[in-house]
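The values are calculated or read from the model by the stated rules, or taken from the named source; none is laboratory data. Since the model is a prediction, treat every value here as computed from it, not as a measurement. Here the Cβ positions follow ideal geometry from the backbone for every residue, glycine too, while neighbour counts run over all protein chains shown. Surface areas here come from the heavy atoms of the whole protein model, side chains and all, with no ligands, DNA or RNA. Shrake-Rupley method; radii C 1.70, N 1.55, O 1.52, S 1.80 Å.
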Amino acid sequence: MSIFAGLDNITKKDCLLSDYTWYRLGGKADWLVSPTTIEQLQTVLKRCHENNLPVHILGNGSNLLISDEGVRGVVIRPCGDGFNQYRFDGMNLAAGGAADLQRVLQDAVKRGLGGLEALAGIPGTIGGAVKMNAGGRFGDIGTCVQSVLAMDLHGNVFEKIKPELVFDYRHVNITARVILEARMELSEGDPEELLKTVKEVWIYKKNTQPLDMRNAGCVFKNPRGMSAGALIDRAGLKGEKIGGALVSSKHANFITTEKGCTSADVKALIEKIRNVVRDQYDVDLELEIEVW
Ligand code: EPU
């Protein structure tokens, strides 16, 4: 019997992952499985466990670089009604892990509920945004999140609530791998004022980041008290190129890709940037993007 027998309609074998990431790079996964209900997800995790298969959880692929060699094991992409719904109740919002962050944000603003405006223009799912405490100079998602429902690789569900739930710079203290739902407390605001803020954040992004080119957002985390982009820029690396990978001239913490680019090109450029910044400033840059 095949490993995912009975789950054929949600399983793809030898599936090219490049279609599922913003970089549009990378090789195949042994399996891509897209459960649409909690029960299905638990069944998939059980089969992975029984067969000793490594598991990767995929959201929107907007902060992810997949190697040219692909990924061994199973990539699980929760999607559909069981994971992407969200509901408002007064000032409270409960959003599924696969809900689209920008859709939720826009809906909140329309209803005059504030707190998420700082995240305008950040692509991703609620789950991905929680997992890495997505944000920028205007704020991060952790500020509004009160509790998170998550599932571990054995299918157990946990709830973590503030103050035990702690958000840090691009980090949250959740080890369970799948974010099922985030509950947030928003604040009352005027829809027009909120929309104005969203537009300002968006314009800042548009003016400072290469949004018109294929990229995965900031490549490195900002070292404490410093800007990775400013360091890379001062090191003279803007415009630096390896194969089809290029350090953006608009924002040096972005690597954009051209036709024919491979993941190996991006990885080589990442190493080059790290080495130059280490040599010149004695700073070790840590990756913000995830590499599989
Ligand atoms: N700077 C340069 N040269 C550059 C880029 C930036 O000198 O090439 C300078 C800027 O002039 C500014 C400072 O560095 O004085 C900081 O730059 P910016 O305001 O663009 O913010 P950042 O710290 O580089 C952070 C987030 C972004 C987020 C922006 C805006 C990180 C690593 N990056 O960037 O998030 O969009 O603030 O809110 O935390 C991401 O997470 O993928 C991402 C892009």
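Once backbone amide H atoms are built at 1.01 Å from N, THR125 has ASN60, LEU101 as its partners under 5 Å, excluding neighbours fewer than 5 places away on the same chain. Beta-bridge orientation, the chain: approximately 80 percent antiparallel, per DSSP, counting only bridges with both partners inside. Close amide H partners of LYS28, meaning residues 5 or more places away or on another chain with modelled amide H under 5 Å apart, are LEU17, GLY70, VAL71.
With θ taken as phi - 60° and the Karplus curve 6.51 cos²θ - 1.76 cosθ + 1.60 applied, the whole-hertz 3J(HN,Hα) list for region 29-38 is 9, 4, 9, 10, 10, 10, x, 10, 9, 4 Hz, x standing for glycine and proline. As a test of the formula, what do you get for the chain when each DSSP H run with n ≥ 4 contributes -39,500 (n - 2.57) and the sum is divided by the residue count, at 222 nm and rounded to the nearest 500 deg cm²/dmol? So the calculated ellipticity at 222 nm is -8000 deg cm²/dmol. Peptides 33-43, 82-92, 236-246, ordered by how many other C-beta atoms sit within 10 Å of their residues on average, highest first, read 33-43, 236-246, 82-92. Using a probe of 1.4 angstrom, how much of the accessible area of the chain is carbon and sulfur, in percent? C and S atoms contribute 48 percent here. Karplus-derived 3J(HN,Hα) values for region 283-292, using 6.51 cos²θ - 1.76 cosθ + 1.60 with θ = phi - 60°, are 10, 8, 7, 9, 5, 8, 6, 9, 10, 10 Hz; glycine and proline are entered as x. With K and R counted +1 and D and E -1, the other residues having a Cβ less than 15 Å from that of GLY135 yield a net charge of +1. Using the Karplus relation 6.51 cos²θ - 1.76 cosθ + 1.60 with θ = phi - 60°, the per-residue 3J(HN,Hα) values for region 217-222 come to x, 5, 7, 10, 6, 6 Hz, with x marking Gly and Pro.
Taking packing as the residue-averaged number of other Cβ atoms within 10 angstrom, the listed peptides 192-199, 277-284 run from highest to lowest as 192-199, 277-284.
At a probe radius of 1.4 angstrom, the accessible area of the chain per residue rounds to 49 square angstrom.
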